[in-house]
Amino acid sequence: MARNPKDDREEQEHRDPITHTPGAHPVGVGAGAAGAGAAGAAIGGAVGGPFGAMVGAAIGAVAGGLGGKAAAEAVHPTIEDEWWRRNYAGRPYAKAGESYETYRPAYNYGWQARMMHGDAAWSEIEPNLAAGWIQARGDSKLEWSDAQHAAKDAWDRLGPPIGAEDREPH
């Protein structure tokens, strides 16, 4: 039986940008699993103690990995990084003379958060991002008050929240 050309095109569209294999990039899947696993552990621990944390982490990691896989097929880390590298200097918050490396962790944090929380609005997730920035920023010298602008910019670049068109205005 002959292959449908549409199947070939869809397979090409869902290839990993680095390995060129079909499916999601492991970074997206891993980010989804890690983020949701941590959230599941926190929620499970609050409800059921250490055992609840373990169960919550396992469930969260599976759910997050699936969510991360779906998002990873839509967002290519290499493409995002290159886009921001070329365009960061023209952003209104970028300070003259600062290198891309100063803002890179904030951009990564923003688009990765969007991949993991695609159905949330920035205003809903920003307090959690602010609280997590100290651990997520790595070697970045930016405080959240500066990093949040780059993170939101990366968040916004990926478009409106999933299902936003179905929401009632607040």
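The values are calculated or read from the model by the stated rules, or taken from the named source; none is laboratory data. Since we're looking at a predicted model, the values are computed, not measured. Note: ideal-geometry Cβ built from the backbone for every residue, glycine included; neighbour counts use all protein chains shown. Surface accessibility is based on the protein's heavy atoms, side chains included, excluding ligands, DNA and RNA. Shrake-Rupley method; radii C 1.70, N 1.55, O 1.52, S 1.80 Å.
Residues in region 114-160 that are small (Gly, Ala, Ser), modelled with pLDDT under 95 and either buried (at least 21 other Cβ atoms within 10 Å of the Cβ) or assigned to a loop (DSSP other than H, G, I, E, B) (or both): Gly118, Ala120, Ala121, Gly138, Ser140, Gly159.
Going by what's in this entry, would Arg167 be described as within 14 Å of the chain's Cα centre (by Cα), among the basic types (Lys, Arg) and modelled with pLDDT under 95? In short, no. When Tyr109 is tested against (1) outside any helix (DSSP H, G or I); (2) modelled with pLDDT of 95 or more, exactly one condition is not met: (1). Looking only at residues in region 92-113 that are among the small types (Gly, Ala, Ser) and over 12 Å from Gln148 (Cβ atoms), the one that is least open to solvent (accessible area, probe 1.4 Å) is Ala94.
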